[in-house]
Amino acid sequence: MDVEVVIRPYRDEDERGWLVCRVLSFLDSAFFDDVRQTKEHYEHYAIELVADRGGEIIGLIDAECEELPGTVCEERSGIGGMIWHLAVHPEHQRQGVATKLLRDAERLAKARGVVRFEAWTRDDPGTRAWYESMGFEFVYSYLHVYVELDEGLRDLFPITSDHLRPVKVFAHYVGDDRDGMRSRFSRVHDDALYELRFE
């Protein structure tokens, strides 16, 4: 018998299942190494929902909501909510779970006067296509650049005066020579902001 998926508020006892679901859902994505050991808490009101299937957390969404424009999201018109996490366990993807989570979060956000969601994502074509199919529009992007030792790291960031030796660097690139960054470093991701304006 198929067990129904229930979208419900996150509870403290869900933390381990939330973390496992997030890690597994990101495993085959450009965010594969963005691993958390604890679920964060938010400064502002947050919509925190999980998709529960027979006691197993198979999906999640966290959206932190503003009371004043520009306090959580980009300074654009209207009160926004930032989707910090949206994930579905790989065994339950492409079954409408993410859509249900998003639509429930949108309904709760509207009730608080939020008029739009923002979400950041990297260059996973399937993820971007899903956001666009849900009505999100691309706003802008910049690059996430990982610099390794064999890519000239020590020339860029030499040993410090107190003998600190960088062995790996994660950097944001906001310049105009994106192709140059991609040809110079082996791991470069486009990090894109998307916005959904509610109807």
Look through Arg36, Arg11 and report the one residue that is within 19 Å of the chain's Cα centre (by Cα) and in the same structural domain as Lys110 (by TED's automatic domain parsing). Arg36
Is it the case that Gly135 is assigned by TED's automatic domain parsing to the domain that holds Gly80 and assigned to a loop (DSSP other than H, G, I, E, B)? yes
List the pairs whose first member sits in segment 158-176 and is on the phi < 0 side of the Ramachandran plot, whose second member is at pLDDT 95 or above and outside any strand (DSSP E or B), and whose Cβ atoms are under 9 Å apart, counting only residues at least 6 apart or on separate chains? Tyr173/Met181; Gly175/Met181
Go through Ser133, Ser161 for me and flag whichever is among the small types (Gly, Ala, Ser) and either within 30 Å of Ala87 (Cα to Cα) or crowded, with 16+ Cβ neighbours inside 10 Å (or both). Ser133
Hey, Glu118 of a type in the set (Asp, Glu), within 21 Å of Glu40 (Cα to Cα), part of a strand (DSSP E or B) and modelled with pLDDT of 95 or more or not: yes
Selected residue (only one of Trp18, Trp84 is modelled with pLDDT of 95 or more, out of contact with any helix residue (DSSP H, G or I) (no Cβ under 8 Å at 6 or more places or on another chain), aromatic (Phe, Trp, Tyr) and not in a strand (DSSP E or B)): Trp18
Could you tell me which numbered condition Thr71 fails, if it satisfies all but one of (1) farther than 15 Å from Leu102 by Cβ; (2) of a type in the set (S, T, N, Q); (3) in a helix (DSSP H, G or I)? (3)
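Per-residue answers, yes or no, for (1) part of a strand (DSSP E or B); (2) modelled with pLDDT of 95 or more; (3) farther than 26 Å from Val20 by Cα:
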| site | (1), (2), (3) |
| --- | --- |
| Leu102 | no, yes, no |
| Leu108 | no, yes, no |
| Asp123 | no, no, no |
| Asp176 | no, yes, yes |
| Arg182 | no, yes, yes |
| His189 | yes, yes, no |
Output the number of the condition that Val145 fails; it satisfies all remaining conditions of (1) modelled with pLDDT of 90 or more; (2) exposed (fewer than 13 other Cβ atoms within 10 Å of the Cβ). (2)
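The values are calculated or read from the model by the stated rules, or taken from the named source; none is laboratory data. Here the structure is a predicted model, which means the values were calculated and not measured. Methodologically, a virtual Cβ is constructed for each residue, glycine included, from the backbone with ideal geometry; neighbour enumeration extends over all protein chains shown.
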